[in-house]
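See structure below.
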Amino acid sequence: MSAAQPTWFTPPKTAAEKLADAQAAKIQQINAAYTEQVQPLVKDYPDIEQATWIAQEIEARAYLAWHVDQHGAAPATPVLDNILTGRNGDGGSETLQELSQAVLENADMFTHAQQLTGKRQRLVKQVRETKVEEALDGISW
């Protein structure tokens, strides 16, 4: 700040600063639209459960592959075993095979939904590559 300018003076934003602000706002719009479409798929699942999905899927795939011919020892399925214990409680009858199939049905649905993730990433990349603020209007969910 020069000595000739009062301390309260804020210089106008540069073109680069305006572009950066517009890019940030556009990315926020894209992320909001993405979240709006993905949220219904995961709304019933707490974050802590979602954190186990990869382990559940790995165990379910390994168990179902083993279940086809049952050669050798069954794969370890500690996550699924504990889920099954909780799901069955004192009198349930759900099997590890049934749970594994249910896990894979959900996993396949969520895998397919990752197209939305790819779309979000593509649009954000376009925003970041934009050099002219007005061009951002052509990028939308």
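Values in this text are rule-based calculations from the coordinates and carry no lab data. Please read these numbers as outputs of a predicted model, since none were measured by experiment. Counting neighbours? That spans all protein chains shown, and the Cβs are built from the backbone with ideal geometry, glycine included.
Quick notes on this structure:
- Only residues that are touching a helix residue (DSSP H, G or I) at 6+ places or on another chain (Cβ under 8 Å) and farther than 24 Å from ARG61 by Cα were counted across region 117-139, and they come to 12.
- Residue ranges of helices (runs of 4 or more DSSP H) in region 1-118 with at least 1 members under 30 Å from ILE139 (Cβ atoms) and in contact (Cβ under 8 Å) with a residue 40 or more places away in the chain: 15-42
- Hey, GLU17 surrounded by 10 or more Cβ atoms within 10 Å (Cβ to Cβ), under 17 Å from THR111 (Cα atoms) and of a type in the set (D, E, K, R) or not: no
- Hey, LEU99 surrounded by 11 or more Cβ atoms within 10 Å (Cβ to Cβ) and within 30 Å of ALA22 (Cα to Cα) or not: no
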